[in-house]
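The next block holds one structure in the form of structure tokens; read it before the comments.
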Amino acid sequence: MAQSKPQVMKLTDAAASRIRDLMAKGEGVGLRIGVKNGGCAGMEYTMEWAKDAKPFDEVVEDKGARVLIDGKALMFLLGTEMDYQSTVLKSGFVFNNPNQTSACGCGESVQLQPANTPA
């Protein structure tokens, strides 16, 4: 019996709603999420509107929203929940990532380790 592969990322209702709103206004196939080296903690999340899917993108469709995970970021984002929060002073996407080991004080960069995957 074939095992189903785990969903890389889950979206909260708020995140899915915001992505659906952006998809309705934009020209593309979804929101691409990745990570890159940078910031004082070592890594930063990246987001861009995707014009098309790249060969190694992992496509996540959740609650009517589409997110494309950059293939190089998969092991760092496995198990992550993406939320959208809006306060009086700022609004934006927030990542609740079990692979995050620390973050800088300003919240713009994080330290991530690859996810432990079963053999």
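So the values come out like this:
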quantity	calculated
Cβ-derived FRET efficiency at R0 22 Å, Leu89 paired with Ser17, nearest 0.05	0.60
Charge sum, other residues only, whose C-beta stays under 14 Å from Gln85's C-beta, Lys/Arg counted +1 and Asp/Glu -1	-1
Cβ-based net charge around Trp49, under 15 Å, with every Lys or Arg adding one and every Asp or Glu removing one	+1
Segment 9-112: relative contact order in percent, alpha carbon pairs under 8 Å with at least 6 residues between	31 percent
Candidate aspartates and glutamates for bridging to Lys63, where Cα separation is under 12 Å - those fewer than 8 sequence places away on the same chain excluded	Asp13
Within segment 9-112: Cβ-based charge dipole about Cα centre, in debye rounded to nearest 20 (Lys, Arg +1; Asp, Glu -1)	100 debye
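Values in this text are rule-based calculations from the coordinates and carry no lab data. If you're wondering where the values come from, they're calculated on a predicted model, not measured in any experiment. Backbone-built Cβ (ideal geometry, glycine too); neighbour counts: all protein chains shown.
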